[in-house]
């Protein structure tokens, strides 16, 4: 609910300009990252897209893939996020 409210607050400012479309394409398809980290990045990026409401996704031509998001994307994103949190947790007593 908090994420939805935050995204909705930006709605009046969002436009699907050529620059916005180019930025989305760059971030999602051509991230300036080393090849070994691109698969986990793709999972995080797919989850970010899945979290967008239709009014934000459609103008940017970001598709919704029914079934795939619920069965693959979201569980993979949750697992990856948990792994990142685990890896970044300071050692006990440190």
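Points to keep in mind about this one:
- Over the chain, equivalent-ellipsoid semi-axes from the Cα gyration tensor in Å: 26, 17, 15
- Applying 1/(1 + (r/R0)^6) with R0 = 22 Å to the Cβ-Cβ distance of residue 29 and residue 83 gives a FRET efficiency near 0.40.
- Distance from the C-alpha centroid of the stretch 64-87 to that of the stretch 1-21: 22 Å, rounded to the whole angstrom.
- Efficiency of FRET between residue 8 and residue 74 - r from beta-carbon atoms, R0 25 angstrom, step 0.05: 0.75
- Relative contact order of the chain, defined on C-alpha pairs under 8 angstrom at six or more residues apart (%): 32 percent
- Multiplying the residue separation of residue 42 and residue 55 by 0.36 nm and removing their Cα-Cα distance gives an extension gain of 2.5 nm.
All of the numbers you see were taken from the coordinates with simple rules; none came from a lab. In this text the structure is predicted, and so the values were computed from the model without any measurement. Cβ: placed from backbone, ideal geometry, glycine included. Neighbour counts: every protein chain shown.
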